[in-house]
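Enquirer: Have a look at this one.
Laboratory data are not the source of any read-out in this text; all were calculated from the coordinates shown. Because the structure is a prediction, the values reported are computed rather than measured. We place every Cβ from the backbone using ideal geometry, glycine too, and count neighbours over all the protein chains shown.
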Amino acid sequence: MKHIIFRISLLLAMFLLLINSGYTQLNISTAITNSSCYLSTDGSIDLTVTGGVTPYTYLWSNSATIQDLTDLAPGSYTVTITDSYNPVPNAFNWSFFNSGAYWCDNFLIQAGTVLINGLPASTGDYIGVFYTTSTGGFGCGGYNTAVPAFRDYPDTPFKDGFINNEPINWKVWHITNGSNGIVVNMTASYAPLNPPAITNQGYFIENTIGVLNSLTGYYSMLPDTITGTYNVTHPDELIVNVLVQNSGCTSCDNGSAFLDISGGTTPYTMLWSTGETSGSVTGLLPGTYNVTVTDNHNCTVIEEYTVDTAEQQQINIPQGWSIFSTFINPSLPGVNYIFAQIVSQVSIVKDGLGNPYWPAYNVNNIGDMQIGKGYQVRMLTAQFLTITGHAIVPETNPINIPSGWSILGYLRQSPALVVTMMSQIVSALSIMKDGDGNVYWPQYGVNNIVNMQPGKGYQIKVASTCTLTYPPN
């Protein structure tokens, strides 16, 4: 081993000692409770902070200065946490002793005299002199609690110590947290060791080192800070729409209402003001009602609705296949609502394009029923279908009929001669059939239909696109 002599400047009797042995960085872990309902203020952020030096201070983006936040609305929240590691003076004395080794003069720190975070320096806490190698690596002249300095060996192709009069730094190195700053700047010099045959080693001059016997050091750690951003979320808004089918008269109890629910957290529970707990209610007289919908997070919406009086058409639909239409513009035009009252007996409904409503398989490609259109239906048993809404004014609702086959509805409230009703389009009309197989075939003078009937629909084939407008009722 090679050693050098220290020539310590007496001007540096006071020095800054940066020590953070045993210090761990600040760390945050969180437990977030999201808002239970849309825009509700019951969210929370619970912080657990470790590391640093207690006590901690907190500053949130909403100006709060406490550790945990409660009663939070949905949103983003940022916290900056600062520990208490402010610069604090800490005076102590260092005593150095020659190790007595013939070829290795180390200065040992007296046990218990150097405190690191309040604990004596111990094995693994390096205090000594350090240098950077020619390849940019880190070279250390100290180990454990000894303070040696190694002279550069000139016979090696790399730098492995200090040359004469090379400035060096006294630092503290902790096994976990690394180097933490300059203690004192020094200049290295060396003298040959006796016997002189050992030309690359030196020894320490006792009276030069003596100036380090009593120095004051300081912790100089700045407060540590850590920042975290956390999001409190909420479910989608619970939206409740009540679809109302009005009653047929002021004393009629045939009004109904259906729920259309979205958002929130499924499953939902329903409580109508009439006591029902399903997704729809029937048998309603005209009047004002309400329904309470609650989701799985106990979020609640109360929706009020009104059943008015309306006009109705009752259609006798036979068992098996038939064709129907209506002169009512329904309050709820969806084919699933139209047939809700008799859905258990419906096999299938089809429009003129072949789109089905197939309730047994939850298929509805028809959507809303269209004014002026007719529909094929297959019933398991004969039923009366009641359609509620407002009567269509036939003369103000022209019907566009596409080229080829389609299904035509009848918009008048009383029967009328098919010849009269079709007179506007007879030049384009090829053939017309009702659900019983009766035909009107003007080209051949065939008319088994005779009268068009309210509630009936008709298959029709035209040679070109045309428009039909029925006369007034």
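Enquirer: Calculate, for VAL439 and ASP308, the FRET efficiency according to 1/(1 + (r/R0)^6) with r their C-beta to C-beta distance and R0 35 Å; round to the nearest 0.05.
Expert: It comes out at approximately 0.25.
Enquirer: Given the Cα-Cα distance of LEU39 and ASN364 and 0.36 nm per residue of separation, how much length would full extension add, in nm?
Expert: Numbers: separation 325, 0.36 × 325 = 117.00 nm, distance 3.47 nm.
Difference between extended and current length: 113.5 nm.
Enquirer: Which FRET efficiency value, to the nearest 0.05, is calculated for SER63 and LEU271 with the Förster distance at 45 angstrom and r the Cβ-Cβ distance? Before the final figure, lay out each step's value.
Expert: On the way: r = 42 Å, r/R0 = 0.93.
Result of the calculation: an efficiency of 0.60.
Enquirer: Under a Cβ-Cβ cut-off of 12 Å, what is the net charge of the residues other than GLY52 that fall near it, where Lys and Arg count +1 and Asp and Glu count -1? Mind showing how you got there, number by number?
Expert: Working: positive: none; negative: ASP83, ASP224.
Residues near GLY52 contribute -2 overall.
Enquirer: Follow-up question, since we're still on this one. So if we plug the beta-carbon distance of THR288 and THR54 into 1/(1 + (r/R0)^6) with R0 = 56 Å, what FRET efficiency do we get, rounded to 0.05?
Expert: So, using R0 = 56 Å, E works out to roughly 0.35.
Enquirer: Another one. If I model a spin label as a point 7 Å beyond the Cα along the Cα-Cβ vector, how far apart are those points for ASN298 and ALA463 in nm?
Expert: Result: 7.4 nm between the two label points.
Enquirer: Using a simple spin-label model with points 7 Å from Cα along the Cα→Cβ vector, what separation in nm is obtained for GLN319 and GLU237?
Expert: The modelled label-to-label distance comes out at 5.1 nm.
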